[in-house]
Amino acid sequence: MTTFGQRLRAAMDEHGPLCVGIDPHESLLESWGLPTSADGARDFGLRVVEAAAGRVGVVKPQVAFFERYGSRGFAALEDVQAAARDAGLLVIADAKRGDIGTTMEGYAQAWLAPGAPLEADAVTLSPYLGPDSLQKTLTTALRHGKGAFVLAATSNPEAATVQQAATADSASDDGERVAERVARDAGWNNVGLPGALGSIGVVVGATVDRARFGLTDIVLAGTPILAPGFGAQGAEPSDLDRLFGYVAANVIASESRSILAVGPDRLAQRIEQRRALYTGGTHG
């Protein structure tokens, strides 16, 4: 069984770091001429999958924009994720789940169990009920060859108060930061050859100063980094090396509005254009 980290490394080596978000926001559905409904979200998602297949290696559906339509929205998401995986794309379900005990086990089975209706290749998780609350989920992911991305340093300004705080067992305010502890706990499986990726990653916003969160190159070595914030939120492909330095090769650069806003007719062309900015050329 290949690991998620191995599949991710292969996908990024072939297609580059660009990840296309699948965000059927109401305003985007309207601009695309689609109904603001589960059917509209499904059509939107399938069009993004069609345009992304063969051009990038990873897509990231934002679960909230499907969940808002209830059971039909989840059915739409099932179709979109299945189509993406059938097309050879890695699917990161942006669900941000985080709980304790059997509830967390239920989330793990929903998103990471082979054959589950909502099966994805990886899921985003929140560690703020305690990092240990995620251990069974992470173990489930590894057992099934899946991955996970744990929120460490997010780009919303109000998060810094928590994520930059010193952990309770730090000796001083200059001790280990919460985001650093999250990254260390997430990266326990990330050992191997230089350049190899583990299967458990972290979310680090591209617009944050990661040094202020304690997220040094040493802490992040071997760890996949899901980095929202490229494109419409302000970070550009040319910033990737400057922002992430030694670990830039581990970064999945997520873009949504900067790609989706052009509409369905220009979508494939826009993906090619944005991809070329990261890789230095168009897909051959």
- prompt: Please state the relative contact order of the chain as a whole percent: Cα pairs under 8 Å, 6+ residues apart?
  reply: 19
message: One quarter of the convex hull surface, Cα atoms only: what value does that give for the stretch 1-157 in nm²?
response: 9.6
- line: Dipole check, the chain, charges on Cβ (K,R +1; D,E -1), about Cα centroid: among GLY45, VAL178, GLN135 the Cα furthest to the positive pole belongs to GLY45
message: For a protection proxy built on the mean count of beta-carbon atoms within 10 angstrom, sort 148-155, 26-33, 46-53 highest first, please.
response: 148-155, 46-53, 26-33
- prompt: What per residue convex hull volume, in Å³, comes out for the stretch 219-264 when only alpha-carbon positions are used?
  reply: 76
query: So what's the back-of-envelope 222 nm ellipticity for the chain, counting only DSSP H runs of four-plus at -39500 (n - 2.57) apiece and dividing by all residues, rounded to 500?
result: -11000 deg cm²/dmol
field: Computed lengthening from ASP86 to MET1, 0.36 nm per intervening residue step minus Cα-Cα distance
entry: 28.8 nm
field: Inter-site label distance for THR36 and GLU78 at 7 Å from Cα along Cβ, in nm
entry: 2.6
message: Explain nothing, just the number: dipole magnitude of the chain about its Cα centre with +1 on each Lys and Arg Cβ and -1 on each Asp and Glu Cβ, in debye rounded to the nearest 20.
response: 360
task: With N denoting the number of residues in the chain, provide Rg(C-alpha) divided by 2.2 N^0.38 Å, to two decimal places.
output: 0.95
statement: Candidates PRO157, PRO127, PRO35; GNM for the chain (alpha-carbon contacts under 10 Å) flags as most fluctuating PRO157
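Where a number appears in this text, it was derived from the coordinates with a stated rule and is not lab data. None of the values given here were measured: they were computed from a predicted structure. Methodologically, a virtual Cβ is constructed for each residue, glycine included, from the backbone with ideal geometry; neighbour enumeration extends over all protein chains shown.
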